[in-house]
Structures are given as C-alpha cells and as structure tokens.
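Data first, discussion second: the structure below is written as structure tokens.
The values are calculated or read from the model by the stated rules, or taken from the named source; none is laboratory data. Because the structure is a prediction, the values reported are computed rather than measured. Here the Cβ is made from the backbone with ideal geometry for all residues, glycine too, and neighbour counts use every protein chain on show. For accessibility, only protein heavy atoms count, side chains too; no ligands or nucleic acids. Shrake-Rupley method; radii C 1.70, N 1.55, O 1.52, S 1.80 Å.
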Amino acid sequence: QHYSFTLSECFGHSSFIFVAASYLTQDFLELRIMAVLGSTSMLFFTYFHPHGRVLWLPLKWNVLFIAINSYRIGKVLYDRYMAGLVSDELKGFREEHLNVVDIVDYYKLMRIAKEEVYEEGDLVLGQGYPNPNIRIVLEGELQVLRDGTLTYVLEKGNFVSESGLHAGLLLRGGIESCGSIVVGRPFDPTGSQNGNKKQPNDTQINNIRKKNRVRCLRWDRGELVELLEDDKALRNALQAALSWDIVRKLKMQRHMLTAGRVKDPAAWTQKREDQGISRYASILQNMLQHTEECQDMSEMLTKYRMIHHIDDRDHERALAECGWTEEEFRLGKKRQVVEDEEEEELESAQWRRVKRYSSKVVRSLLQ
C-alpha cells in the first residue's frame, strides 16, 4: 500500500509538536518562542493545504497569535537588556540582599526608585509625621528612636517603613511614623562615649573617626503599590525578601543586647512594645481612611497580627487610638454614619406609610 507525505503535512505535524513542547517548559521566553514556531508552522499548513484550498480562517488567527507572541518576546528581551544596564553596585546589592527577586523584576524596582544621601546628624523621618515612602538602606546605619529611646538600628539591606507590605497589605498614601529615624554616630564598642576609660586599639580608633554616611533608595508608596498590583510575581518575590528582612531585624535587636547598646533592657522592651502597637495603629488609621478596601485586606491584616503577635486587646487599643470601636471596625463605618443611615431608613419607611395612606384617602374621595 502506498502512503504519500507532503511538505505541507510536515508543517502541520511540526505545529502540534511545538505546541506539545511548549506545555513542557516552565521558562516564559521559551514558551513564547515555541508558540511562535507552532503558529508559523500552522500558517504554512493552512496556506499550502494538501486539499489545495487555502484555509483563511485559521490562517488569520495564527497571524494574530504570531503578532501577540512576538510582541511579548520582544518585551522580555528588551526588559532583560535594560536589566543588564543596572550598575554593578546595584547588581551586587541584589545578589547580597535581594536574590529572591528576579533580575528583570529588580530592574522594575530600580526604575521607579530615587537615591537619597544623609549625613551624620540628619533626621530622615520624625515620629508622628506622615510618611508616604518606603526605603531600603544601601550604605551606612540608621537609628530608630521611640520617644528618644533607641529601639533598633537599620543596616545595609534593611527596609524602612514597609508598614505591613510583608504581610500583603498594599497601603497607599502617608502612614504615620511610629518612631524617629536619624543618622546617629557610629557605635563605639569601647564604651568611650559612655565615659569608659578603656583604651581602644588603632582599628577601633579608625572606625570611630569614620563618619556615618547613609545612602538609601526611596519609593513612593502609591507608585510601588501600583507596580506590585500589576505584577504578581514581583509582589510575591518582594514579600519573600521583606519576610527575610524581618528576621534580620529581630537578630539585630538581639545583637544590640549582647553588644551593650541597650542600657535598660526593661525600658527598651516596653518602648519596643509601644512602638509595635503604634505601628499597627498607623496601619489601621491608613486602612480606615479607605473603608471600602478594609474588607478586601482583612485576611492580610489577620496575617500581620499573627506575625507580630497583635492580640485582641492590642487590636482594640490600636482602634481606640484611631477613635474607632471594634463594632465600628467590623461594620466598616463609624457609629454616627450607621445611626444616620438607620434614621434615613426610618424616615423613608414613614414616608412610604404616609404615601400609602394618602393614596387610600384620594381613592376614597374619588369613589
């Protein structure tokens, strides 16, 4: 028995082979390239069809698929090219502190970031002031003070004022700072700043004389949230990086105790607890300014409370600082608003009764 096999059929089979192969790959670029090759093969098959008739319907659809996938391939290649133009310093910073973030996603973050430089003695952020920014430390050390008491320090790679972003809270606008952030003097391990007469060695003298210069990258919170909402992969990667950052900060606080940077551990612990409640109250205050989004973020808020051990008593205390009660928070509106709505409903019900009674009177007169 004789079997014929045309070149057109070869393209048809190749098309389905490329489609099958695309299902096996996990790389986004490879998948798009295989999709283009599959659609191109099908293009030839539908134009040079074995039956001698051009299949215009699938041909036109495959032309559209090729255009869409070619655009996505070009965008990926362009983004990778632009990511390669990031400075060597920032590339090294990513490898050291943000290696969970893909290089292209990292470029997207750097594209909307602005660099800041602070000298020793500068105030970065004052306690109680609204802060619309998120920062990360590139160089130097920042000190965080609560009512003038040092609670923790921020070193290279630490995020500043993320305010629940690690738990998935995508908050916009300003969030009240729960502490002051300053560029303090470098820590003196010899204790000479506290009156200790122990003589430091040459290396320690050089470290003490070196000024504390801080460089940060700053993002506008609203702009960063918009980027994260549009890119789920970047959002997940950044949340992972922020979670590791929380662990680093906890380790740094323990190091402060062993290094002698905490004079009164009991008072220091109390200030840290007050700072945690104040931070949570600031997050709630921001959420309560956008009550329509509170329900959408309730799951993330519960996650934040679990991470930071915010119990019901602390939750009610934070709500009280915002001027809300637990019942009002569950309803998503202030009591006055609820009472006004109930009065409006009562008035409308009374008005309906009056209208029905008036209608009956008019009908009886007409009869």
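Values as computed for the structure displayed
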{"quantity": "Flag if Asp245 is open to solvent by less than 40 Å² (accessible area, probe 1.4 Å) and under 27 Å from the mean Cα position of the chain (by Cα)", "calculated": "yes"}
{"quantity": "Identity of the residue in region 91-118, closer than 24 Å to Gly174 by Cα and hydrophobic (A, V, I, L, M, F, W, C), that ends up least open to solvent (accessible area, probe 1.4 Å)", "calculated": "Leu109"}
{"quantity": "Checklist (1) open to solvent by 60 Å² or more (accessible area, probe 1.4 Å); (2) at pLDDT below 85 applied to Ser359, failing item", "calculated": "(1)"}
{"quantity": "Every residue from region 237-271 that is more than 29 Å from Val100 (Cα to Cα) and in a helix (DSSP H, G or I)", "calculated": "Leu257, Thr258, Ala259, Pro265, Ala266, Ala267, Trp268, Thr269, Gln270, Lys271"}
{"quantity": "Output for region 261-277, where each listed residue is exposed (fewer than 12 other Cβ atoms within 10 Å of the Cβ), closer than 17 Å to Gln143 by Cβ and not hydrophobic (A, V, I, L, M, F, W, C)", "calculated": "Lys263, Asp264"}
{"quantity": "Selection status of Glu226, of a type in the set (Asp, Glu), in contact with a helix residue (DSSP H, G or I) (Cβ under 8 Å, 6 or more places away or on another chain) and either open to solvent by 50 Å² or more (accessible area, probe 1.4 Å) or modelled with pLDDT under 95 (or both)", "calculated": "no"}
{"quantity": "Evaluation of Thr6 against (1) under 30 Å from Gly157 (Cβ atoms); (2) in contact with a Phe, Trp or Tyr (Cβ under 9 Å, 6 or more places away or on another chain) (one fails), failing number", "calculated": "(1)"}
{"quantity": "Count of residues meeting criterion [within 23 Å of Ser282 (Cβ to Cβ) and either open to solvent by 30 Å² or more (accessible area, probe 1.4 Å) or assigned to a loop (DSSP other than H, G, I, E, B) (or both)] in region 119-142", "calculated": "8"}
{"quantity": "Checking Leu150 against (1) assigned to a strand (DSSP E or B); (2) in contact with a helix residue (DSSP H, G or I) (Cβ under 7 Å, 6 or more places away or on another chain); (3) modelled with pLDDT under 95, the condition it does not meet", "calculated": "(2)"}
{"quantity": "Selection count, region 41-84, where residues are part of a helix (DSSP H, G or I) and over 16 Å from His13 (Cα atoms)", "calculated": "26"}
{"quantity": "Residue within region 55-62 that is touching a residue at least 12 places away in the same chain (Cβ under 8 Å) and in contact with a His (Cβ under 7 Å, 6 or more places away or on another chain) present", "calculated": "no"}
{"quantity": "Tally of residues being surrounded by 15 or more Cβ atoms within 10 Å (Cβ to Cβ) and either of a type in the set (Asp, Glu) or free of Cβ contacts under 8 Å to residues at least 12 places away in the same chain (or both) across region 70-90", "calculated": "1"}
{"quantity": "Test: residue in region 27-39 that is crowded, with 16+ Cβ neighbours inside 10 Å, charged (D, E, K, R), under 35 Å from the mean Cα position of the chain (by Cα) and under 30 Å from Tyr106 (Cβ atoms)", "calculated": "yes"}
